[in-house]
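Asks: Have a look at this one before I ask anything.
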Amino acid sequence: MLAYLIRRLFAAAVMLVVVILAVFCIFFVFPKWAGVDIAGSFVGKQADPAAVEAVRVKLGLDDPVYSQVWEFFKGIFVGRTYAAGGDVTHCAAPCFGYSFRTQQAVWPVLTDRFPVTLGLALGAAVLWLVFGVAAGVLSALKRGSLWDRGAMVVALAGVSLPIYFTGLLSLAIFSYGLGWIDGQYVPIGDSFSGWLGGMILPWITLAFLYAAMYARITRATMLEVLGEDYIRTARAKGLTEQVVIRKHAMRSTMTPILTMLGMDLGALIGGAILTETTFSLPGLGQKVLDAIKNQDLPFILGVTLITSLAVLIANLVVDILYAVIDPRVRLA
Amino acid sequence: MTTQRTSGRRKQALAAAAVVAGLLTTAACGGGKDDGGKNGAAGFNAANNKIAQASLVKKGGELKFASTQDADSWDTTRGYYGFMWDFSRYYSRQLLTYKTQPGAAGAELTPDLATDMGQVADGGKTYTFHLRDGITWEDGKPITSKDIKYGIERAWAQDVLSGGPVYLKDVLDPDGAYKGPYKDTSADHLGLKAIDTPDDKTIVFHLPKPNSDFLQMVALTSASPVRQDKDTKSQYGLHPFSSGPYKFQSYSPGKSLVLVRNTNWKASSDPVRKAYPDKISIKFFTNANDMDQRLLAGDYDLDLAQTGMSPQGRTTALKAHKANLDNPVSGYVRYAVFPQSVKPFDNIHCRKAVLYGADHVSLQTARGGPIAGGDIGTNMLPPSVPGAEGQKYDPYEMAGANKNGNAAKAKEELKACGKPNGFSTTIAVRNNKPVEVATAESLQASLKKVGINAQIDQYDGSQTAGIIGSPSNVNKKGYGIIIMGWGPDFPSVQGYGMPLWDSSYILQSGNNNYALIKDKSIDKMFDDFVTTLDESKKTQLSTEINHKVMEGAYYLPFTFEKFINWRSSRLANVYTTNSYNGMYDFVNLGLKSSK
Amino acid sequence: MTAPLHEPTAEAAPSAAEEAAVATTGAKAVQGRSLGRIAWERLKRDKLALTGGIVVLVLIVIAVLAPVLAHAVGQDPETHHEDLIDPLFGTPTGSLGGISGDHLLGVEPVSGRDIFARILYGAQISLLVGFLSAVVAVVLGTVLGILAGFFGGWVDAVISRIMDGLLAFPQLLFIIALVSVMPDRLLGLTGTSVRVMLMIVVIGFFGWPYIGRVVRGQTLSLREREYVEAARSLGAGRFYILFKELLPNLVAPIIVYTTMMIPTNILTEAALSFLGVGVKPPTASWGQMLSNAIDYYDSDPMYMVVPGVAIFITVLAFNLFGDGVRDALDPKGSR
């Protein structure tokens, strides 16, 4: 078990390094090929050559990629100091970069925005797990019934509609139209009920899409499991249908669901761009879109890193959970 | 079929005109009717160039701004966005500032930190100002002439504090002899020779040569005082040290900003600012539709960016909440410009072919129509700049006979250009401005009819300076038509047109003279303008420059821009001002209730 | 899961397909050649799936014949009709978004372009991106998945790690970044074609690990089967076994997977257009229409409904068809 963990952790670390390298290439090397000067984009309306040059020095744009990457890694552990033109900026460890657009260190901003995204992802996950899995199981058990058909059509509708469409619709109906829900984000520290009021629509919108998918997968997996020999054995032993479903079928059904949950949660924690944009939630996704629009490289890099980290951790957790849930799976 | 459609079209136009006229008339009459209601909105256009509900203002309360856009920087030296300049008067003061009056009067200057408009000597080469008593920083220390000098000097440190306007730097130190306060080796870092501070209450400017707009430059936000011990250099924008009635309480870029009263500011020392609310907040949104809905619901008072509502909110507001809207002229001209380096736009006839081929009504519709977009642009000088003639000067009859395009004339010009069968080119447009993309599509469609095939290229709007601001890149990409807009930094042809039309402003990066105009007569007129102190002569020169630019057919103006801006029913003492291009004057906004 | 940013629509559906494929075809390859015929018999009885299949065919025909159909009603997707627009609000003057005999589905706000023609032409882009990116993913996924499963060892290790890496990589960030630095002319293509190609390649590239994992798993289990053993003991070469014995048995999961991947890709294209990195104007795509329509959701709801319904019908049809194919290929399902 320990050896397995260490091996997985090592693989995850290697992955992170690869991701960072890839992002560096995209934002530093590709533009160079295309003849775009990134330094210029960090400067405002009247680009003074001195200002462009200063940004170039501060960001180390003229250094070779490997040294830029090295500086970045070093910064995470010991902090980093940017200096140019008599202006010295210190970025304390853990330094995940510093944005010269907004004059902020990346790490504090990410930690500030992280709870919003985490709350969004977790809240939605609870909703979609409960409703998605329940709908899927019921559909599987009553295969071909009116319920089954109905639930699957609704699920297909959920899968087919883009979130910025359903999100706007939900705002238009429940917030602007009926006025039942305020729909504006309030930090949980300010007011719990306000926070709930701001999060409920994003949760439902997000959960609608995911629940649809989880329902479809649960149904498919459940049908498959119900056909397995060991289920027939269990039934033959005279166990009640309830026990068969709960004790045996559900366990196997949960395995693929968990895999998905791990990846989906990981990805959402890295920022739900469309949801956060639609509902003006000040989370990581909103920040990264903002950063992309402004070519604010340090933030793009920071969020990319967090996303990848979240996905990798989530996968790791899921793999370990497997062993707990499904005795057939052994750690390999 | 054809006739039917034409008549249909005419009917449409008539109906539209009727609606517009109706809207404006109801506004004119309706305004007064609503004004009586204490909690009601003031009426359509009630705050457009006039003051709405000044008598209802109460001290106190929280004034709430909403915005989809954060400032480029809140640092007084670095900010260049119009709304930032407008907003900065809450926490910064200058020697002179704009009068807090509606419309054209708001563009006139008045003393702020200074006791008067200054003494001019040496034929406009020396300006002396004396400071008022009782002017203080947010910690209670007095504001000195040295603080003002230091604040102005910061503009020299372009490598650290980029982004802001550099007019004073160009005028006071045209050769760039001074290296900026951060590289200044003198003990007090006040080495700029062009400014003297004989005592704490006196500041003297020495200009190498006179500039007719010097007072305008002294009134810019970038001439605000900054105290040396509070200068956090590149991070100053996160928390500028206040010299005005409000100070920063918290700021989280892209999320929120809160100002609270600066208790050390004394109303007696400030003839301009009323400081009605107790607290001023900005909340940043990412979804423009959502923000407009919140404004309509009354959760926020006004849009910080003041660039007009988005189509959905605008329609709802015009239909249901007309009394909360103003429809000011923004001071911006929206246009297409033809870089002469890209063939065949080196030939004036090919440029004229585009001018005649374009359907100006269609372009206006794409910009948002006559109300939300503005009147059809017929020349390049915005109406707020002295010397402008508005639609009266229409050399290509863009708002007249040729408003739907004149294919015959366009073909003639094409022939004269040696391209009787038309040509192909590329339209460059920012990808982050849907309205500009719509304009590009409209232009593309109308040019197709005269044989000009244009491809649309959307470039990254955040990289404007590096992409279309680089003439070599424009040439490489073959951008024959660039879609842009421009508004005056201060209301004069120097503050508007010089970067666009003067040959000395052609830069290799961050260029704004996209057309690459190198016309000696235009350069000469700018030189004359800068040294002329006579107002009527300045106005006349301004008109002449505009004519010269239009005769060169370098530009296709789309609209003299107008906006539909929202003002909540809570607001009192609201008015638009020419000094900030038709935005509301933020600094003296008040609320009707202190709650 | 490749795309943390554009969220569920494009990211979890592949795994749905994947799990479904695993669930239904695991170890059922023994049935051999008769499988196809049996499946077809089953599919014919599944009315919903057949309807889905027919709709898909109709959509393809519409996309191919878009210019002809648009011409037949006398419209094209790029002509402006400002005379049908209320200049004050920018919305169509007619009722229901300007629906009339001339304009079957109304006209676009502001420009007055014919929506019917734009939907027809938009089908070209949406289906092209949906199909071709699926093809890219399937080809890459199948080849690499088989290689990993069949050869095992370090080949498997390397390919599996690459797949993990791609799944953890923020796909949307990558596409947005790539689009903003891509030149306008590439390999002889210009304008919209560059964007479309870019979308196909990138969506396909990030999609292959899903199918790669399924194929690898299948191959792993198949290569230990008796008939492969038999072929091997008869002296068959590696490539003979790969292509003659393994590939035919992987067809079922691949088909299932493909039908489910296409709608996902269509939605990804829509999301990209929403974020402003999709097709270039004035080219129409459903995603671009839907995202433009958001600015008129209340004042001109028809403009939103039309592309929304188009996307919905297409995705629904592909999903129903895919479900049907999966059920048909599942020998246990009919029990």
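Asks: About the Cα centre, and with charges only on the beta carbon of Lys, Arg (+1) and Asp, Glu (-1), how big is the dipole of segment B:69-282? Nearest 20 debye, please.
Replies: Details: 26 positive and 27 negative charges, 89 e Å.
So the magnitude is around 420 debye.
Asks: Measuring from centroid to centroid over Cα atoms, what is the spacing of segment B:128-151 and segment A:140-156 in Å?
Replies: The distance from the Cα centre of segment B:128-151 to that of segment A:140-156 comes to 75 Å.
Asks: Of A:ALA11, B:PRO240, C:GLY278, which is farthest on the positive side of the dipole of the protein assembly as shown, counting Cα position, with +1 on Lys and Arg Cβ, -1 on Asp and Glu Cβ, and the Cα centre as origin?
Replies: A:ALA11
Asks: If you don't mind, another one. Using the beta-carbon distance between A:LYS247 and A:ARG143 and R0 = 25 Å, what value does 1/(1 + (r/R0)^6) give for FRET efficiency, to the nearest 0.05?
Replies: 0.75
Asks: For B:THR532, put the label point 7 Å out on the Cα→Cβ axis and report which residues of segment B:377-397 keep their amide N under 13 Å from it.
Replies: What the label zone holds, given the 13 Å backbone N cut-off, is B:386-388.
Asks: Work from the charge dipole of the protein assembly as shown (Cβ charges, +1 for Lys and Arg, -1 for Asp and Glu, about the Cα centre) and give the residue of A:GLN184, B:GLY373, B:SER92 farthest towards its positive end.
Replies: The Cα lying farthest towards the positive end belongs to A:GLN184.
Asks: Is there a quick way to get the dipole size of segment A:108-331? I mean about its Cα centre, with the Cβ of Lys and Arg at +1 and of Asp and Glu at -1; what is the value in debye to the nearest 20? Walk me through the intermediate numbers first.
Replies: Details: 16 positive and 14 negative charges, 196 e Å.
My answer is approximately 940 debye.
Asks: Within 10 Å of each Cβ in B:284-297, how many Cβ atoms from other chains are there, averaged over the peptide? Can you show the working numbers first?
Replies: Values: counts 4, 6, 13, 12, 3, 10, 11, 1, 1, 7, 6, 0, 1, 5.
Mean partner shielding for this stretch: 6.
Asks: Could you name the aspartates and glutamates whose alpha carbon sits less than 17 Å from that of B:LYS146, not counting residues in the same chain fewer than 8 places away?
Replies: B:ASP112, B:ASP133, B:GLU138, B:ASP184, B:ASP188, B:ASP196, B:ASP199, B:ASP200, B:ASP229, B:ASP231
Asks: To the nearest 0.05, how large is the calculated FRET efficiency for A:GLN68 and B:SER424 if R₀ is 56 Å and r is the Cβ-Cβ distance? Before the final figure, lay out the partial values.
Replies: On the way: r = 41 Å, r/R0 = 0.73.
Computed FRET efficiency for A:GLN68 and B:SER424: 0.85.
Asks: Grab the beta carbon distance between C:ASP76 and A:VAL317, set R0 = 35 Å, and tell me the FRET efficiency rounded to 0.05. Walk me through the numbers before you get to the answer.
Replies: Numbers: r = 54 Å, r/R0 = 1.56.
After rounding, the FRET efficiency stands at 0.05.
Asks: Once you have the Kirkwood Rh of segment B:330-562 from its Cα pairs, apply Stokes-Einstein at 10 °C and 1.306 mPa s and quote D in µm²/s.
Replies: Details: Rh = 17.5 Å.
This corresponds to a translational diffusion coefficient of 91 µm²/s.
Asks: Rank B:GLN458, C:PRO209, B:PHE560 by how far each Cα sits towards the positive end of the charge dipole of the protein assembly as shown (+1 on Lys, Arg Cβ; -1 on Asp, Glu Cβ) and give me just the farthest.
Replies: Farthest towards the positive pole: C:PRO209.
Asks: Enter the Cα centre distance for the pair segment B:486-522 and segment B:236-290, rounded to the nearest angstrom.
Replies: Measuring centre to centre over Cα atoms gives 33 Å.
Asks: Now a separate question. Label points 7 Å out from Cα along the Cβ direction at C:VAL64 and B:SER593: separation in nm?
Replies: 6.7 nm
Asks: Rank these for me by crowding, B:GLU413, C:GLU41, going from fewest to most other beta carbons within 10 Å.
Replies: Taking fewest neighbouring Cβ atoms as first place, the list is C:GLU41, B:GLU413.
Asks: In whole Å, how far is the Cα centre of segment C:51-71 from that of segment A:226-294?
Replies: The distance from the Cα centre of segment C:51-71 to that of segment A:226-294 comes to 36 Å.
Asks: Listed here are the pairs A:LYS293/B:LYS149; A:LYS58/B:LYS233; B:LYS125/B:LYS201; A:LYS293/B:LYS99; which of them are more than 26 Å apart at the Cα?
Replies: Over 26 Å apart, Cα to Cα: A:LYS293/B:LYS149; A:LYS293/B:LYS99.
Asks: Under the rule that a partner needs its Cβ under 4.7 Å from the first Cβ, which Cys of chain A have none?
Replies: Cys with no partner Cβ under 4.7 Å: A:CYS25.
Asks: I would also like to ask the following. Counting only other chains, and only Cβ atoms inside 10 Å, what mean value do you get across the residues of A:249-260?
Replies: 2
Asks: Give the residues of segment C:229-268 whose amide nitrogen is closer than 14 Å to a point set 7 Å from the Cα of C:LEU220 in the direction of its Cβ.
Replies: Answer for segment C:229-268: none.
Asks: Still on this structure: With labels modelled as points extended 7 Å from the Cα through the Cβ direction, what inter-label distance (nm, one decimal) is found for B:ASP175 paired with C:ARG238?
Replies: Taking the two extended label points, one gets 7.7 nm.
Asks: Please compute the modelled spin-label separation between A:ALA134 and B:SER250, points set 7 Å along Cα→Cβ, answer in nm with one decimal.
Replies: The modelled label-to-label distance comes out at 3.7 nm.
Asks: Report the full-extension gain for the segment B:LYS520 to B:TYR393: residue separation times 0.36 nm, less the Cα-Cα distance, to one decimal in nm.
Replies: That works out to 43.4 nm of additional length.
Asks: Further question: Dipole magnitude of the protein assembly as shown about its Cα centre, charges +1 at Lys/Arg Cβ and -1 at Asp/Glu Cβ only, in debye to the nearest 20?
Replies: 2880 debye
Asks: So, one more: So which lysines pass the test for B:LYS352, namely a Cα distance under 20 Å, with those fewer than 8 places away in the same chain ruled out?
Replies: By straight Cα distance, B:LYS352 reaches B:LYS343, B:LYS392, B:LYS403, B:LYS409, B:LYS411, B:LYS415, B:LYS419, B:LYS448, B:LYS449, B:LYS518, B:LYS548.
Asks: When a footprinting reagent is the concern and you count Cβ atoms within 10 Å, what order do A:LEU258, A:LEU268 take, fewest first?
Replies: A:LEU258, A:LEU268
Asks: Under the definition of partner shielding as Cβ atoms of other protein chains within 10 Å of a residue Cβ, what is the mean value for peptide B:463-473?
Replies: Averaged over the peptide's residues, the number is 5.
The numbers here are math on the coordinates, done by the rules we state, and not lab data. As the structure is a prediction and not an experimental result, all values here were calculated from the model. Cβ: placed from backbone, ideal geometry, glycine included. Neighbour counts: every protein chain shown.
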